[in-house]
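One structure is given here, and the rest of the page talks about it.
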Amino acid sequence: MTVRVRFAPSPTGALHLGSARTALFNWLFARHNRGKFILRIEDTDRTRSTKEAVKTIFHGLDWLGLDWDEGPNVDGPFGPYFQTERMDIYKKFAEQLIAEGKAYYCFCTPEELEIKRKQAAERKEAPRYDNTCRKVSSEESKKKKEAGTSCVIRFMMPPGEITEVDDLIRGKVKFDNDLLDDFVIMKSDGFPTYNFAAVIDDHLMEISHVIRGDDHLSNTPRQIVLYQALGWGLPKFAHIPMILGSDKARLSKRHGATSVIEYKDQGYLPEAMVNYIAKLGWGHKDQEIFSRQELIDLFTLEGCGKNPAIFNFEKLTWLNGQHIKTALPERIIDLCEPLLINAYGNHDPAYISRVVRLFLDRMKLIPEIVPLTAYFFKDGLEFEEKALKHLNDPAAPEMLKLIAERLRSVEPFVKEEIEKEFKAIAAEKNLKLGMVIHPCRAAVSGRAETPPMYDVLEVLGKDKVIARLTAVVK
């Protein structure tokens, strides 16, 4: 069987974390099994769907590197891939179900349905349609239709049966059809409902596996009876656990960024996001850090858990730092350069490159490069309290004066030659090397901690180092 999976977002907002994970799991499953990943835009919610949301979904998928084999902007044999361009298809199958006595027109008004809902609530019953229009004859329905009476189309739920979902992650889940009402498949405006359109599209697009969040599990029995009514075989279903915030509530905007692109703006790398999102509900042994190819090689539905995944910003940020370390330095430099220019003005690109390279193993987020490197670009240093302790030592002025004198003669001014002078001073004064390095670090950077001191001095350059040492002594 050829694996064909789909990601079918509704373009009512940005691509958020939960949707991105659904897309990723489908993409990984397709790539692992050498199948096809299809993108379908379910834009039948006319009041909320927007073209701008479609663009943000494309942008988010592109940033994450989740390319699709069929879908918008990509040729495919089962298009169109926007549901609003498939209206004739839905209408045809709705009429087929009516002709076969498996669906019917419902003329109940929204006001009448609201009264019935309130009455059910008063009886402490679950709100469900009472099948009023199921009893209306086809002749009467025809007359009402011809008279222009507003109506929907409802599917006739088979009574007295149990619908079983054989889920690849959750196992067998059973639903009592008698607890499911005759649900709407076509709205009064002629647009299909989610369950109806999804079933038709998944069948016609030959989707083999439906992988989605477990909030859709309750939709699955309705979809299964639609497949059966239309005489179609079922795809395999897999419902992945929901994502919760650290407070164990369902993930929402109050837990942080809501759009995947917001994470890009905050300084996260796409490979770190893909790595972290993959770990939300899936795992492989105790491994934490994955390359994209490793995820493709290792991803299986058997590795998905049943329990909700907990989103943890600290873990994501740590992972981002790990991926910054292993990324091509030139790429990280390109990301940092505009931030540094915006903060500190234009500088020699070669100088910016040398500065950024010192911090590749110290950044967790790209924007951190700005505060971390301030002393490379600003002459007016701000001294940390820990750094001042080294400078307030009574021996510090003489030590700094000596370092400045010795560094004047260092040529070339590179870390290997600088290191020799520092070691020579420590030996001559019978001091531990740190007693030479610490006050120098504080004087030239204002910090108690920096990248390796000799590297820092080399990048700052002889003139700037000596000027700062002399200024602190004065």
Checklist line | Close pairs (7 angstrom Cβ cut-off, 6 or more residues apart or separate chains): more than 16 Å from Lys474 (Cβ to Cβ) in the range 388-410, modelled with pLDDT under 95 and of a type in the set (A, V, I, L, M) anywhere | finding: His390/Ala396
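Going through the range 358-378 one residue at a time, which ones are part of a loop (DSSP other than H, G, I, E, B) and in contact (Cβ under 8 Å) with a residue 40 or more places away in the chain? Steps first, answer last, please.
Keep residues of the range 358-378 that are part of a loop (DSSP other than H, G, I, E, B), which gives 358-365, 373, 378.
Within the range 358-378, Leu358, Phe359, Arg362, Met363, Lys364, Leu365 meet the criteria.
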Next item on the list: Might you let me know whether the range 444-457 holds any residue that is at pLDDT 95 or above, exposed (fewer than 12 other Cβ atoms within 10 Å of the Cβ) and not in a loop (DSSP other than H, G, I, E, B)?
Entry: no
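Kindly establish whether Val465 is at pLDDT 95 or above, assigned to a helix (DSSP H, G or I) and within 18 Å of Phe359 (Cβ to Cβ). Walk me through how you get there before you give the answer.
On the way: at pLDDT 95 or above: yes; assigned to a helix (DSSP H, G or I): yes; within 18 Å of Phe359 (Cβ to Cβ): no.
In short, no.
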Check: Can we say Trp232 is of a type in the set (Phe, Trp, Tyr), touching a helix residue (DSSP H, G or I) at 6+ places or on another chain (Cβ under 8 Å), surrounded by fewer than 17 Cβ atoms within 10 Å (Cβ to Cβ) and outside the structural domain of Asp361 (by TED's automatic domain parsing)?
Finding: yes
Check: Restricting the search to the range 137-155, which residues are under 46 Å from the mean Cα position of the chain (by Cα) and over 10 Å from Tyr105 (Cα atoms)?
Finding: Thr149
Notebook entry, point to check: From Leu97, Leu64, which residue is at pLDDT 95 or above and in the same structural domain as Ala278 (by TED's automatic domain parsing)?
Noted result: Leu64
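Being free of Cβ contacts under 8 Å to residues at least 24 places away in the same chain, of a type in the set (A, V, I, L, M) and more than 19 Å from Pro371 (Cβ to Cβ) narrows it down to one of Leu328, Leu316, so name that one. Before the answer, list the steps.
On the way: Leu316 fails: free of Cβ contacts under 8 Å to residues at least 24 places away in the same chain.
Checking each option against the conditions leaves just Leu328.
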Notebook entry, point to check: among the basic types (Lys, Arg), exposed (fewer than 15 other Cβ atoms within 10 Å of the Cβ), out of contact with any Cys (no Cβ under 7 Å at 6 or more places or on another chain) and in a loop (DSSP other than H, G, I, E, B): does that describe Lys315?
Noted result: no
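Can you find a residue in the range 158-170 that is closer than 14 Å to Tyr105 by Cα, in contact (Cβ under 8 Å) with a residue 12 or more places away in the chain and small (Gly, Ala, Ser)?
Within the range 158-170, the first condition is being closer than 14 Å to Tyr105 by Cα, and the residues that meet it are none.
Within the range 158-170, none of the residues are closer than 14 Å to Tyr105 by Cα, in contact (Cβ under 8 Å) with a residue 12 or more places away in the chain and small (Gly, Ala, Ser).
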Next item on the list: Being surrounded by fewer than 16 Cβ atoms within 10 Å (Cβ to Cβ) and either in contact with an Asp or Glu (Cβ under 9 Å, 6 or more places away or on another chain) or closer than 28 Å to Cys304 by Cβ (or both) narrows it down to one of Arg40, Arg6, Arg46, so name that one.
Entry: Arg46
Note to self: Taking the condition of being farther than 17 Å from Ile162 by Cα, in contact (Cβ under 8 Å) with a residue 12 or more places away in the chain and among the small types (Gly, Ala, Ser), how many residues in the range 203-243 meet it?
What the structure shows: 3
Item checked: Cβ pairs under 9 Å, 6+ apart, first in the range 286-299 and under 16 Å from Gln322 (Cα atoms), second in a loop (DSSP other than H, G, I, E, B) and among the small types (Gly, Ala, Ser) -> Arg292/Gly65
Notebook entry, point to check: Just one of Glu337, Glu302 is modelled with pLDDT of 95 or more, assigned to a helix (DSSP H, G or I) and outside the structural domain of Leu17 (by TED's automatic domain parsing); which is it?
Noted result: Glu337
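Considering each of Pro439, Pro394 in turn, give the residue that is of a type outside the set (Gly, Ala, Ser) and modelled with pLDDT of 95 or more. Can you show your working first?
Details: Pro394 fails: modelled with pLDDT of 95 or more.
Going through Pro439, Pro394 in turn, just one is of a type outside the set (Gly, Ala, Ser) and modelled with pLDDT of 95 or more: Pro439.
So that you can scan it fast, the table gives a plain yes or no per residue for (1) more than 28 Å from Leu234 (Cα to Cα); (2) of a type in the set (Ser, Thr, Tyr):
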site	(1), (2)
Ala23	no, no
Arg31	no, no
Leu39	no, no
Thr44	no, yes
Gly60	yes, no
Asp67	no, no
Glu95	no, no
Tyr104	no, yes
Glu112	yes, no
Margin query: Could you tell me how many of the residues in the range 379-410 are assigned to a loop (DSSP other than H, G, I, E, B) and under 46 Å from the mean Cα position of the chain (by Cα)?
Written below: 6
Next item on the list: Considering only residues that are β-branched (Val, Ile, Thr) and touching a His at 6+ places or on another chain (Cβ under 9 Å), look in the range 227-277 and name the one that is farthest from His59 (Cα to Cα).
Entry: Thr258
Check: If Met186 passes every condition in (1) of a type in the set (A, V, I, L, M, F, W, C); (2) surrounded by 17 or more Cβ atoms within 10 Å (Cβ to Cβ); (3) at pLDDT below 95 but one, which one does it miss?
Finding: (3)
Notebook entry, point to check: Which of (1) in contact with a Leu (Cβ under 8 Å, 6 or more places away or on another chain); (2) assigned to a loop (DSSP other than H, G, I, E, B); (3) closer than 30 Å to Leu204 by Cα is the odd one out, the single condition Ile89 does not satisfy?
Noted result: (2)
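The values are calculated or read from the model by the stated rules, or taken from the named source; none is laboratory data. Computed from a predicted model, the values in this text were never measured in an experiment. A quick note on method: Cβ atoms are made from the backbone with ideal geometry, for glycine too, and the neighbour counts reach across all protein chains shown.
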